[in-house]
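The values are calculated or read from the model by the stated rules, or taken from the named source; none is laboratory data. No experiment lies behind these values; they were computed from the predicted model shown. With ideal geometry, Cβ positions are generated from the backbone for all residues, glycine too; neighbour counts draw on all protein chains shown.
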Amino acid sequence: MALNGTTFRGRLLNWLVGSDPGLLRLHSTIRTTVTLVVVLAILFALTQVTGGPVTAAMLGVVIAMQAAMMVNEPDSRQQIVTMSLLPLSAGAALTVASLLSGHQFVNEVVFVVVIFIAAMVGRFGGRGTALGMVAFMSYFFALFLGAKIAELPDLMGAVVIGTVCTLIIRLWILPDRPERALRYTVWALWLRIAAVIDTSSTILQSGHVDERSRQRLRKRTAQLNETVVMVEDQLAAGSDQVWPGIDGDELILRLFDAELAVERVSLACVRAAEIETPPELTEALAELSAASSGPPRENLAYAMSLANTAFERSSIPEVQGVALALFGMADAVVDMRALINGTAGSAPQQASPDEPATDDATEDDTIEGLNPSTRHAIQAAVAATLAIVAGELVSPARWYWAVITAFLVFAGATSRGEILTRGWQRLFGTVLGIPAGVVVAAVVSGHQVVTMVLIFVCLFVGFYFQKVSYSVMMFCITTMLALLYGLMGQFSIGVLMLRLEETAVGAVIGVGVAALVLPTKTLATARGDADTFLRTLSDLVDAAVTGNGRPTELARQLHRELHQVRISTKPLVSGIFGIGGRGSVQRGVRLLGVCDHHGRALARSGEPDSAAVAAAGHFDRAATLIRRNIEALITWDSRGMVAAIEPLDAAEVVVEGRQQNRMLSALRAIDGAVINLAIERGLALVA
């Protein structure tokens, strides 16, 4: 697969792959939209032939949408099992709701119980979450329609048809293609490497480093890190059938080296930004960045000759540092070009996975003695109860919007910061979607075909941006509802304004319950993730220095845990919730990023060789001090921390060879980052 950015099609594809690594969101969105079109067409045709209720067709479409979005197991057999269980979950909810039809109070009480169970079964991983969501939507739909027992056959038939169509489209018509997705993700990785190099080159050319440039470089480096995590996820999910002679482990190591190399280039450019650098360096960076578009190999050779010229003509350490970093990056470029272009069209090879994947969601992880899923279920049930009461006060006919909002702001969230962020984003998207819906519905009024097309366009865009921007998704959903009401002849500005009121009520209740009922503090969640990262860092230092363990695997785990830290701290550094301690949290995450970078470099420094025998004892003492300091960080031990400067200085006197100098440099950086984290946390240091 050759990268080509010279044509409009090439630039468009490069942008698409760069913004959606692996094209996974695009593929999933296309499949979900196609599924809804097919299910709606089949069920609508059946209602015309049999005279069945249109509401049954609507339920079938809703269940198909949930199945397409929620069933995400990597193995097709697991998907078949989950899809087979969905009609049972929906059937149980529909039956209970139908039996209680006419008993509104009892039905609403049972609805709250269903919400509690739906949230509780999330502890069983993706399958539990899917079954719980389908049960919730089915019961809600039956409650909203006032379904009777006599209507159960039609409703269940629609559920089965929707599920079967979804399964057929997922497994046979538009199946997942992990090998192709992996290739696109590697492509996206290289595009993001090029983006980091471009930003580094801009900093070097500008002659200074301002905060805006630093932020841009951090953002692009974080995007690069996220893409590496995606590659690892795909390999862990069974996509390790790649190119001939390259199994999953080898691919990870090559990407690992490439990521370290590009980070080294960016750090070197930042250090040299205030120094007058020879023009050969910036030209070499430009040539190296251009290599991402697949130019002839001579471009790379030219870039290296420029870097070599700069290295030989300058005695300034910072300038030589950039040149050396470019030499290392050149090796990574060669490897990546071989992966992307060399044998891409050949048959894949089978590789053996390291260990069977485990489902973290099933672990009995507790917070203050209460399982997180139990806490989540209690919060969701309380929020739903309050939303039913408040929603009926606003509108007895449209109260369900408040309940859906209150429930969905909890879905997938792990802290009150995430819930607050999701609540205001849902409200913000609804506020913007109402005027857009009014305008669009008025323009296409009376044109049914155009309206139907726009409805599915809104769904497509909403699904595509679901994981990127919750506000955009809600904007599209609100616009789609305006079109749907217009198609049904029920459109009015009053209905849309009522939706806004109910959404606001549900969002406020959801956020309020998250803050007051068994709250899971965002800061506590972030600190827990940071402590997990630090424990892995401690194990990595021990494994790399003593040789007891597998440092490369620990480095990969460390990288994934840094990604989780960034996710859990996101509400603390953005939006309304992040106004307070944003600076401190950002500094802490940056220091963890330093530990991650140099921890991975430490893991790649290799086993101790004969040149390091004299330094071995010093390395051991340094590792002991670093691990002790990490433990003090985790336990908030205020008795004092001792920097590992003395044993590292002693090691520097006797160590020989590039390999062990790299280990020494990595240990120094990790020690410094850990000490700075201690200062951030206010812990005492021993001189």
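Laid out as a table, the results:
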| item | result |
| --- | --- |
| Count of the range 150-171 residues which are under 27 Å from the mean Cα position of the chain (by Cα), surrounded by fewer than 24 Cβ atoms within 10 Å (Cβ to Cβ) and not charged (D, E, K, R) | 3 |
| Those residues of the range 625-649 which are within 31 Å of the chain's Cα centre (by Cα) and not β-branched (Val, Ile, Thr), in sequence order | Arg627, Asn629, Glu631, Ala632, Leu633, Trp636 |
| Test: Arg170 is closer than 19 Å to Arg25 by Cα and at pLDDT below 85 | no |
| Residue list for the range 650-687, restricted to those being among the charged types (D, E, K, R), over 33 Å from the mean Cα position of the chain (by Cα) and at pLDDT 85 or above | none |
| Number of the condition not met by Gly125 [criteria: (1) under 19 Å from Leu99 (Cβ atoms); (2) surrounded by fewer than 20 Cβ atoms within 10 Å (Cβ to Cβ)] | (1) |
| Residue match in the range 452-464 (condition: within 19 Å of Leu498 (Cβ to Cβ), of a type in the set (A, V, I, L, M), over 30 Å from the mean Cα position of the chain (by Cα) and not assigned by TED's automatic domain parsing to the domain that holds Gly128) | no |
| Considering residues of the range 628-644 that are surrounded by fewer than 20 Cβ atoms within 10 Å (Cβ to Cβ) and touching a residue at least 60 places away in the same chain (Cβ under 8 Å) only, the residue nearest to Asp542 (Cα to Cα) | Glu631 |
| Options Ala135, Ala142, Ala147: the member that is buried (at least 22 other Cβ atoms within 10 Å of the Cβ), assigned to a loop (DSSP other than H, G, I, E, B) and assigned by TED's automatic domain parsing to the domain that holds Arg31 | Ala147 |
| Arg214 modelled with pLDDT under 90, of a type in the set (Lys, Arg) and assigned to a helix (DSSP H, G or I) | yes |
| Unmet requirement for Gly10, which otherwise passes all of (1) modelled with pLDDT under 90; (2) crowded, with 16+ Cβ neighbours inside 10 Å | (2) |
| Pairs with Cβ under 7 Å, 6+ apart, first in the range 74-94 and among the small types (Gly, Ala, Ser), second exposed (fewer than 15 other Cβ atoms within 10 Å of the Cβ) and in a helix (DSSP H, G or I) | Ser76/Leu171 |
| Residue in the range 223-241 that is part of a helix (DSSP H, G or I), surrounded by fewer than 22 Cβ atoms within 10 Å (Cβ to Cβ), among the polar types (S, T, N, Q) and within 17 Å of the chain's Cα centre (by Cα) present | yes |
| Considering residues of the range 574-612 that are in a helix (DSSP H, G or I) and basic (Lys, Arg) only, the residue modelled with the lowest pLDDT | Arg582 |
| Some residue of the range 269-292 being modelled with pLDDT under 85, within 20 Å of Thr185 (Cα to Cα) and not hydrophobic (A, V, I, L, M, F, W, C) | yes |
| Residue count for the range 39-68, restricted to those that are part of a helix (DSSP H, G or I), over 25 Å from Leu85 (Cβ atoms) and of a type in the set (Gly, Ala, Ser) | 2 |
| Positions within the range 175-208 being surrounded by fewer than 17 Cβ atoms within 10 Å (Cβ to Cβ) and under 21 Å from Leu23 (Cα atoms), in sequence order | Pro175, Arg177, Glu179, Arg180 |
| Test: residue in the range 150-168 that is in contact with a Lys or Arg (Cβ under 8 Å, 6 or more places away or on another chain), touching a residue at least 12 places away in the same chain (Cβ under 8 Å) and aliphatic (A, V, I, L, M) | no |
| Within the range 512-556, considering residues that are outside any helix (DSSP H, G or I) and among the β-branched types (Val, Ile, Thr), the one modelled with the highest pLDDT | Val517 |
| Complete set of residues in the range 192-211 that are of a type in the set (Val, Ile, Thr) and either assigned to a helix (DSSP H, G or I) or without any contact (Cβ under 8 Å) to a residue 24 or more places away in the chain (or both) | Ile193, Val196, Ile197, Thr199, Thr202, Ile203 |
